[in-house]
């Protein structure tokens with residue numbers, strides 16, 4: 001079997017763009033993947049065209065060889081944009097291999113270690129309306145989810161740390177009181193705080209028992225976690241912006257996090273994620289796949305999580321089957337807050353290319369909304 005083509009499908013999903021990639025073979029078996037970074041779009045599309053020239057004619061079963069070729073083949077190690085393109089191709093190769101062998105991808109990753117995968121949705125976090133947030137979380141509970149997700153709010157486009165930390169503390173308390181002890185709550189700071197305010201927030205949230213506090217600090221200098229980690233008892237999660245095992249190294253080795261936020265569609269695909277997850281297991285760090293993306297990413301995360309012993313929870317922004325049902329008609333099955341194991345080979349999904357072409361990506365829709373401090377200075381979104 002040989003790779004004959006690699007084609008990108010930038011798709012508009014109704015609220016944002018997605019970038020899917022199809023890898024074709026000379027035996028008529030195709031695989032589909034998804035890239036985690038979709039902007040700037042020309043950079044991703046250029047990377048995929050570059051990789052296409054390298055990979056046409058290669059054996060798609062040689063997944064590790066192809067990963068090494070793409071990561072190291074340009075002399076300078078791949079990061080972010082390149083690893084997102086790599087990830088889409090890598091996921092598609094696993095899909096091809098599973099289809100060719102007639103088994104789900106989780107069988108190729110060691111087989112199932114669980115019967116279902118618990119997941120958490122996106123609530124209306126990052127806003128100041130506490131009642132709207134409480135109502136959203138109550139609706140989540142009523143729908144059968146076992147988790148709710150909150151986030152550090154902003155006042156429109158203004159994020160002044162201290163008043164927003166105070167607002168977040170009040171919101172978390174209100175949600176915990178409304179939901180009781182039966183629901184787990186995750187809290188996403190979204191890299192919006194510096195160390196003093198992040199520490200203050202984490203310490204104040206301790207009595208409300210968050211499942212984890214995510215990205216309390218920016219990701220450029222992971223060494224800052226060595227100061228935060230011993231000064232708070234809340235579980236910490238980080239890693240969604242990392243693009244390889246090497247960026248996770250210090251976080252894992254120093255045990256500064258309790259949950260690894262591996263993004264399969266940024267960190268080089270299933271091949272690299274499997275290595276990171278195994279490393280985490282030796283430090284009792286659980287996997288929480290970062291998945292704010294589309295149905296292909298959800299399907300890939302599900303396959304990995306079914307085969308991962310040190311699994312925590314899967315991010316799943318919305319119930320499968322609510323967006324892009326024409327492009328990916330057979331999405332993972334959701335039941336009572338969990339995703340169920342697929343039985344179809346590969347990722348367990350199909351990809352309709354014609355439907356994808358009818359929903360082309362829109363320009364500039366993925367632009368960050370941008371946040372500023374009261375003095376006008378820029379701050380992380």
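For the reader, a short list of remarks on this structure follows.
- Odd one out for residue 304 among (1) in a loop (DSSP other than H, G, I, E, B); (2) touching a helix residue (DSSP H, G or I) at 6+ places or on another chain (Cβ under 7 Å): (1)
- Of all residues in segment 276-291, those that are in contact (Cβ under 8 Å) with a residue 24 or more places away in the chain and either in a helix (DSSP H, G or I) or outside the structural domain of residue 122 (by TED's automatic domain parsing) (or both) total 5.
- Check on residue 60, outside the structural domain of residue 295 (by TED's automatic domain parsing), modelled with pLDDT of 95 or more and in contact with a strand residue (DSSP E or B) (Cβ under 7 Å, 6 or more places away or on another chain): yes
- Qualifying residue in segment 170-184 (condition: buried (at least 16 other Cβ atoms within 10 Å of the Cβ) and under 22 Å from residue 298 (Cβ atoms)): yes
- The lone exception for residue 351 - which of (1) assigned by TED's automatic domain parsing to the domain that holds residue 139; (2) more than 21 Å from residue 238 (Cβ to Cβ) it fails: (1)
- Among the residues of segment 35-70, those identified as surrounded by 19 or more Cβ atoms within 10 Å (Cβ to Cβ) and free of Cβ contacts under 8 Å to residues at least 40 places away in the same chain are 47, 66, 70.
- Test: residue in segment 143-152 that is in the same structural domain as residue 185 (by TED's automatic domain parsing), in contact with a helix residue (DSSP H, G or I) (Cβ under 7 Å, 6 or more places away or on another chain), assigned to a loop (DSSP other than H, G, I, E, B) and at negative phi: yes
- From 120, 106, residue being out of contact with any strand residue (DSSP E or B) (no Cβ under 9 Å at 6 or more places or on another chain), buried (at least 20 other Cβ atoms within 10 Å of the Cβ) and closer than 18 Å to residue 313 by Cβ: 106
- Those residues of segment 282-305 which are farther than 18 Å from residue 239 by Cβ and in contact with a strand residue (DSSP E or B) (Cβ under 6 Å, 6 or more places away or on another chain), in sequence order: 294, 296, 302
- Flag if residue 248 is in contact with a helix residue (DSSP H, G or I) (Cβ under 6 Å, 6 or more places away or on another chain), buried (at least 24 other Cβ atoms within 10 Å of the Cβ) and either in a helix (DSSP H, G or I) or touching a residue at least 40 places away in the same chain (Cβ under 8 Å) (or both): yes
- In this structure, residue 124 does not qualify as in contact with a helix residue (DSSP H, G or I) (Cβ under 8 Å, 6 or more places away or on another chain), under 23 Å from residue 245 (Cβ atoms) and outside the structural domain of residue 27 (by TED's automatic domain parsing).
- Among (1) at negative phi; (2) surrounded by 24 or more Cβ atoms within 10 Å (Cβ to Cβ), the one test that residue 268 misses: (1)
The values are calculated or read from the model by the stated rules, or taken from the named source; none is laboratory data. What you are looking at is a predicted structure, and each value in this text was computed from that prediction instead of being measured. FYI the Cβ positions are ideal-geometry reconstructions off the backbone, even for glycines, and counts take in every protein chain you see.
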